[in-house]
1. Starting from the coordinates of the alpha-carbon atoms of the chain, obtain the Kirkwood hydrodynamic radius over all distinct pairs and give the value in Å to one decimal.
2. Excluding ligands and nucleic acids, what accessible area in Å² is computed for I12 using a 1.4 Å probe, to the nearest 10?
3. Which of the lysines could be linked to K6 by a straight reach, that is with a Cα gap under 17 Å, when you skip same-chain ones fewer than 8 residues away?
4. Hey, rough spin-label estimate for K48 and E33, points 7 angstrom out along Cα→Cβ, what's it come to in nanometres?
5. Would you tally the net charge around R8, using a Cβ to Cβ cut-off of less than 14 Å, leaving R8 out, and scoring K and R as +1, D and E as -1?
Amino acid sequence: MRIYTKIREMLIAHKDVFLRVEQVEKQLMKHDEKIGLLFTYLRKFIEKEETPRTPIGYRAKKEV
């Protein structure tokens, strides 16, 4: 019985720390989502770069 009251007292005393840790975890989750989105966009740019491009500009005439 004493241990439960001790745990409850500790939780009450450190409730502000617990709430701050929860806030930090939520912020990190948001950052994780944003980082994942960034990597998605980077992959799309890399895929576009791999497709062959049609050459533009002056082309020399071929001799027959």
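1. 17.8 Å is the Kirkwood radius here.
2. In the full protein context, I12 sits at about 120 Å².
3. Cα-Cα hits under 17 Å: K15.
4. 2.5
5. Residues near R8 contribute +2 overall.
The values are calculated or read from the model by the stated rules, or taken from the named source; none is laboratory data. Bear in mind the structure is a predicted one, so any value in this text is a computation, not a measurement. Quick reminder, even Gly has a Cβ in these numbers, built from the backbone with ideal geometry, and neighbours come from all protein chains shown. We work out accessible area using only protein heavy atoms, side chains counted, and drop any ligands, DNA or RNA first. Shrake-Rupley method; radii C 1.70, N 1.55, O 1.52, S 1.80 Å.
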